Amino acid sequence: MGQTVPLQVIVNGESHESEVQARLLLVHYLRDELKLTGTHVGCDTSNCGACTCLVDGESVKSCTVLAVQCDGAQITTIEGMAGDDGALHPLQEGFWAHHGLQCGYCTPGMIMAAADLLARRTADGPISEEEVRKGLEGNLCRCTGYQNIVKAVQAAAEAQRGVTA
Amino acid sequence: MIPGEFDYVVAGSVDEAIGLLAEGGADAKLLAGGHSLLPLMKLRFAHPSLLVDIGRISELRGVDTGDDSFRIGAATRHADLQVRDDMGLIATAAKQIADQQVRNRGTIGGSLANGDSAADLPGVLLALEGSVTVRSRDGERVIEAQDMFQGYLSTAVMPGEVITEVRIPALTGYGYGYEKFNRRSEDWAMVGVSALVKASGGVCEDVRIGLTHMASTPLRASAAEDALRGKPLDAENIAAAAQLAAEGTSPLGDLNASPEYKRHLAQVLTKRALTTASAA
Ligand SMILES: Cc1cc2nc3c(=O)[nH]c(=O)nc-3n(C[C@H](O)[C@H](O)[C@H](O)COP(=O)(O)OP(=O)(O)OC[C@H]3O[C@@H](n4cnc5c(N)ncnc54)[C@H](O)[C@@H]3O)c2cc1C
Ligand code: FES
Ligand code: FES
């Protein structure tokens, strides 16, 4: 019972190998083992999206994924979004410029979910408010009322298209 | 919340999964996307002794497109179906499951095996008259949609059986509509309705209506179907048929909706879904 399982993952470009309990949740692996505490636990019941990170480029709620399910995967957390030189990712820039956060608890999850949304997009025009709201439906914010989060993501989308907002 | 302890093994193939499941005994369980099972394990409502992870079996993933049907691997995720507009109703419904994070993990096989009447795909399978193929040490068998859902969270899939494939007919010539009503956009359906309509010269040649969350299993709205079949597809006939959508249902009340309210929703959503399906 409760055997340990070998785990090898690449997190934010860095390779990690360890032996973990099968029941270890990805969010606890990131926070407690790797000390990457930018990924938050909000609800712990798969509802709020605060724990969102990317596994092989796709958003997941890391409170609802076993670390061992990610063996061999590439994981990106909020700590991996800025460039090596510290330059903010367009989404981080957008949240900063448009005041997309208040307490900031939901922000890492919002940014990671928005990264999936922008990567998944096939249309090339500006992203609509409705598209952003639908794309972030799995993330809850208790502070902002969402208005500025939507603006932040729209600005990031424009920046990625090479247009300045 | 942390799940209880369990052993974990990755299956490399369906045969291996079947063997591991059989050897693991009564408390061994398959793990696909984990988005029904892990929340239950975290709450300690489920405590399997062994999880057999089928999420990496490539033969279980993807869609084979045939002339008149689609064969969907059981571990195909909702995220893979949400972009398949060529698949019609099932793609439209898949887009409305939960949120992108959940769709990136949850699978069709897991959803159907779980058999939750509030889930979107069981009602869709019923309306499409699809089937589920299962394999075990005793061989392979096909379960028709109408035989699949037997009670609250209970399906015809037996212990030791692995769903390998879900088959749905292409239903060329049918219009479709999917209506889901919930309180927040990521939520499960308070009530959901799938409609498929085949028209010929403005007359309803065939119609199928699947109901989500109107009983302990998904249901067909047979009375409404019978009322519309053979009739001109006009607003009046659609409205009259939709009035019968809640017949034979037994919705349970919950925090969000009383049984009366769910019956009302079934009628309204059936009208909308039929209208969309008829316009196509
Ligand atoms: C926050 C949240 C919101 C959700 N909202 C919705 C929603 O709106 N609509 C909706 O439809 N669903 C919803 N879901 C459920 C989601 O779609 C699940 O992913 C799905 O129900 C189960 O699929 P899974 O692959 O995650 O299965 P798992 O959790 O891995 O498994 C579920 C059960 O099925 C068994 N199983 C899995 N695969 C097979 C197989 N191939 N053969 C036999 N048995 C198998 C497992 O042993 C287990 O008992 C939601 C889930 C969450 C966490
Ligand atoms: S902490 Fe994972 S979804 Fe809320
Ligand atoms: S900024 Fe406080 S929860 Fe979103």
Legend entry - The lone exception for A:M112 - which of (1) within 21 Å of A:S46 (Cα to Cα); (2) open to solvent by 10 Å² or more (accessible area, probe 1.4 Å) it fails: (2)
Legend entry - Count of the stretch B:3-55 residues which are of a type in the set (A, V, I, L, M, F, W, C), in contact with a Lys or Arg (Cβ under 8 Å, 6 or more places away or on another chain), open to solvent by 40 Å² or more (accessible area, probe 1.4 Å) and not in a helix (DSSP H, G or I): 1
Inset, instruction - Just need a number here: residues in the stretch A:104-122 that are of a type in the set (A, V, I, L, M) and within 10 Å of ligand 3 (Cβ to nearest atom). - result: 1
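Being assigned to a strand (DSSP E or B), more than 16 Å from ligand 3 (Cβ to nearest atom) and of a type outside the set (A, V, I, L, M, F, W, C) is true for just one of B:R71, B:R105. Which residue is that? Break it down stepwise before answering.
Working: B:R105 fails: assigned to a strand (DSSP E or B).
Just a single option satisfies the conditions, and that option is B:R71.
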Inset, instruction - Among the numbered conditions (1) within 12 Å of chain A (Cβ to nearest Cβ); (2) at pLDDT 95 or above, tell me where B:F70 comes up short. - result: (1)
Inset, instruction - State which residue pairs qualify: first residue among the basic types (K, R) and inside the stretch B:24-37, second residue crowded, with 21+ Cβ neighbours inside 10 Å in any location, beta carbons under 7 Å apart, and separation of 6 or more residues or different chains. - result: B:K29/B:L37; B:K29/B:P48; B:K29/B:L51
Legend entry - Which listed residue is surrounded by 17 or more Cβ atoms within 10 Å (Cβ to Cβ), away from every other protein chain (no Cβ under 14 Å), more than 21 Å from B:N104 (Cα to Cα) and more than 15 Å from ligand 2 (Cβ to nearest atom), from A:G80, A:G86, A:G100: A:G100
Legend entry - Sole exception among (1) within 14 Å of chain B (Cβ to nearest Cβ); (2) open to solvent by 40 Å² or more (accessible area, probe 1.4 Å); (3) away from ligand 1 (no atom under 16 Å from the Cβ) for A:K35, by number: (1)
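If you go through the stretch B:74-87, how many residues are more than 17 Å from B:T133 (Cβ to Cβ) and either assigned to a loop (DSSP other than H, G, I, E, B) or within 13 Å of chain A (Cβ to nearest Cβ) (or both)?
Looking only at that region, the number is 8.
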Inset, instruction - Spot the failing condition for B:G230; the list is (1) assigned to a loop (DSSP other than H, G, I, E, B); (2) open to solvent by 10 Å² or more (accessible area, probe 1.4 Å); (3) closer than 25 Å to B:F149 by Cα, and only one is missed. - result: (3)
Legend entry - Members of the stretch A:136-165 found to be within 23 Å of B:V83 (Cβ to Cβ) and away from ligand 1 (no atom under 16 Å from the Cβ), listed by number: A:V153, A:Q154, A:A156, A:A157, A:Q160, A:R161
Inset, instruction - Working carefully through the options A:V20, A:V9, find the one that is more than 13 Å from chain B (Cβ to nearest Cβ), open to solvent by less than 10 Å² (accessible area, probe 1.4 Å) and farther than 23 Å from A:G104 by Cβ. - result: A:V9
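Identify all residues within the stretch A:107-128 that are more than 16 Å from ligand 2 (Cβ to nearest atom) and not in a loop (DSSP other than H, G, I, E, B); write none if there are none.
Initially, the stretch A:107-128 is screened for residues more than 16 Å from ligand 2 (Cβ to nearest atom), giving A:115, A:117-128.
Residues satisfying the conditions are A:A115, A:L117, A:L118, A:A119, A:R120.
Return the residue satisfying two criteria in turn: it lies in the stretch A:38-60 and is facing another protein chain (nearest Cβ under 7 Å) and crowded, with 21+ Cβ neighbours inside 10 Å, and of such residues it is farthest from ligand 3 (Cβ to nearest atom).
As a first pass, look at the stretch A:38-60 and keep what is facing another protein chain (nearest Cβ under 7 Å): A:44-46, A:49, A:52, A:58-60.
Remaining after also requiring crowded, with 21+ Cβ neighbours inside 10 Å: A:46, A:49, A:52, A:59-60.
Working: A:S46: 17, A:G49: 10, A:T52: 13, A:S59: 17, A:V60: 20 Å.
Among residues in the stretch A:38-60 that are facing another protein chain (nearest Cβ under 7 Å) and crowded, with 21+ Cβ neighbours inside 10 Å, the one farthest from ligand 3 (Cβ to nearest atom) is A:V60.
The values are calculated or read from the model by the stated rules, or taken from the named source; none is laboratory data. All values reported here derive from a predicted model rather than from experimental measurement. Ideal geometry is used to build each Cβ from the backbone, glycine not excepted, and the neighbour counts take in all protein chains shown. Note: areas computed on protein heavy atoms with side chains; ligands, DNA, RNA excluded. Shrake-Rupley method; radii C 1.70, N 1.55, O 1.52, S 1.80 Å.
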